[in-house]
Each structure stands twice: as C-alpha cells, then as structure tokens.
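The values are calculated or read from the model by the stated rules, or taken from the named source; none is laboratory data. Bear in mind the structure is a predicted one, so any value in this text is a computation, not a measurement. Note that we place each Cβ from the backbone using ideal geometry, even for glycine, and neighbour counts take in every protein chain shown. To get the accessible areas, we keep the full protein, side chains included, count just its heavy atoms, and leave off ligands, DNA and RNA. Shrake-Rupley method; radii C 1.70, N 1.55, O 1.52, S 1.80 Å.
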Amino acid sequence: MMEKVTLEKAKVIMGDNLIGSDELKRVGLFEVNSHPDIPYSVNALEAKKNDYFLILGVSKFSNGKTVTIRHLKEIFGMDPNQKEPCFYNQDWYDKESFIDVPMKNEWILIRKTVYEDSRAVQPIDLMKQYSFPSAIRCTYAFFLVWLTLGVKLWYHDFVWCSDTDHNGDRIYVGKYHDVDGVNKNGFSIHRHLGLRECYGCID
C-alpha cells in the first residue's frame with residue numbers, strides 16, 4: 001500500500017511548484033472546501049518536483065458555477081487590451097461538449113514544458129508513450145499558475161489534450177503569445193483536423 005503523502009510533506013518536496021488551498025483562496029475566484037488526498041507517492045513527487053506543478057483542482061467557483069472552460073472564458077474574456085491573462089478571440093468551440101467538462105476536486109501533476117522529442121510528432125504516435133491531460137486541466141492550470149505565480153505556461157507552444165471535438169479531431173491548447181506578432185495574445189484552443197472523405201482537391 002502506498003504511503004499517504006501529507007500536504008506538509010508535498011510542500012517540502014515541491015516547494016514553489018505546489019499550488020494548494022492557500023494559493024487558491026488568495027486568487028479569490030474559487031470555492032475551496034475539500035482537501036482530497038494527494039494521490040502521488042513521495043518517489044513520484046521527487047521525480048517530478050522540478051518539471052511539474054502539483055495543483056489542487058476544484059470544481060466550483062465562489063459564485064457556485066462549475067469550473068469549466070466555458071465559465072473560465074466568461075471570467076477572463078478574449079481581449080488582451082482589456083485585461084490579461086485572457087483567451088484568444090475565437091468561438092469555434094463554443095458548441096463543443098469538451099468546454100463544459102468540469103474540473104474535479106483532485107490534485108493534478110502537470111508538466112511545465114513540452115518534451116523536446118515530442119515536437120512535430122503526430123499525436124497518434126505520441127499517445128503510445130504519453131497520456132495527454134484533458135483540456136480543462138490544461139486551461140485551469142494555465143490561468144491558475146499565471147494568477148498565483150506569474151508563470152506563463154506553454155507561452156509559445158501548443159500541448160495536445162485527451163479531448164476531441166464532435167468529429168473526433170484532437171484538441172490542442174496553449175501558445176499564448178505569437179512570436180511573429182500577427183495574432184493578439186490569448187490562450188488558444190484549436191483542433192487538429194484529420195483527413196476525411198470531405199477533403200479533396202480540384203484543378
């Protein structure tokens with residue numbers, strides 16, 4: 001049986017890479033009532049303490065709404081000229097079911113940067129080696145880490161998610177800043193279009 005890791009022990013191991021109830025309360029947006037057990041071993045935390053954040057997930061905002069991508073978007077908006085952080089101005093996913101998947105009351109470990117050997121590799125191949133996080137976990141982590149630590153996760157990179165849209169196209173998120181300066185700042189949510197019968201060419 002795995003030895004239970006206390007919050008105090010986790011704080012010693014993770015240091016500034018832990019975002020718990022105290023940090024969430026300071027943000028002031030979330031309802032923080034539960035304190036679920038940390039599901040990771042000491043060895044697991046030791047192995048990931050430098051490259052991951054350990055974050056307390058919560059399912060409700062202080063106004064009683066569920067913590068979903070849709071409701072995060074309502075709070076943070078889509079105009080960097082008004083406030084940051086924000087979402088990138090796009091609405092293609094507003095009718096997709098994955099943006100209404102709620103965050104759970106649970107601890108999550110999420111990686112700070114993409115694996116270098118995963119760049120430009122098809123997700124179907126990466127899934128043989130990695131387990132992608134959900135879109136809500138990535139989105140929640142992005143905004144929470146920015147608000148609590150001032151760290152901008154995946155600032156120039158996209159990360160693959162476990163979710164798909166209604167056509168089965170895989171979701172990827174991130175890349176807050178466009179290095180070319182063409183697009184405005186904003187947390188982006190996209191889908192990787194797979195080839196289907198409706199794609200063809202003309203001359």
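Is there any pair with a first residue in region 52-76 that is under 15 Å from Gln90 (Cα atoms) and free of Cβ contacts under 8 Å to residues at least 60 places away in the same chain and a second that is aliphatic (A, V, I, L, M) and open to solvent by 10 Å² or more (accessible area, probe 1.4 Å) whose Cβ atoms are under 6 Å apart and which are 6 or more apart or on different chains, and what are they?
none
With (1) touching a residue at least 40 places away in the same chain (Cβ under 8 Å); (2) closer than 27 Å to Leu29 by Cβ; (3) not β-branched (Val, Ile, Thr) as the list, and Arg170 as the residue in question, which single condition is left unmet?
(2)
So, in region 127-163, of the ones that are free of Cβ contacts under 8 Å to residues at least 60 places away in the same chain and of a type in the set (Val, Ile, Thr), which residue ends up most open to solvent (accessible area, probe 1.4 Å)?
The residue in question is Val151.
Give region 86-126 a look and list any residue that's within 20 Å of Leu56 (Cα to Cα) and open to solvent by less than 40 Å² (accessible area, probe 1.4 Å), or say none.
Matches in region 86-126: Ile99, Met103, Trp107, Ile108, Leu109, Ile110.
Going through region 12-22 one residue at a time, which ones are of a type outside the set (A, V, I, L, M) and either open to solvent by less than 40 Å² (accessible area, probe 1.4 Å) or more than 13 Å from Val145 (Cβ to Cβ) (or both)?
Residues satisfying the conditions are Gly15, Asn17, Gly20, Ser21, Asp22.
Within the group Val27, Val58, Val42, which residue is touching a strand residue (DSSP E or B) at 6+ places or on another chain (Cβ under 8 Å) and within 21 Å of Pro85 (Cα to Cα)?
Val58
Would you point out the residue of region 38-49, among those that are open to solvent by 50 Å² or more (accessible area, probe 1.4 Å) and free of Cβ contacts under 8 Å to residues at least 60 places away in the same chain, that is nearest to Met103 (Cα to Cα)?
Lys49
Report the residue count in region 113-153 for those that are of a type outside the set (Val, Ile, Thr) and over 22 Å from His192 (Cα atoms).
Of the residues in that region, 7 qualify.
How many residues are touching a residue at least 12 places away in the same chain (Cβ under 8 Å) and either within 29 Å of Val42 (Cβ to Cβ) or in contact with a Pro (Cβ under 6 Å, 6 or more places away or on another chain) (or both) when one looks only at region 94-126?
15
If you take the residues in region 163-181 that are over 11 Å from the mean Cα position of the chain (by Cα) and hydroxyl-bearing (Ser, Thr, Tyr), which one is nearest to Thr139 (Cα to Cα)?
Only one residue tops the list, namely Tyr176.
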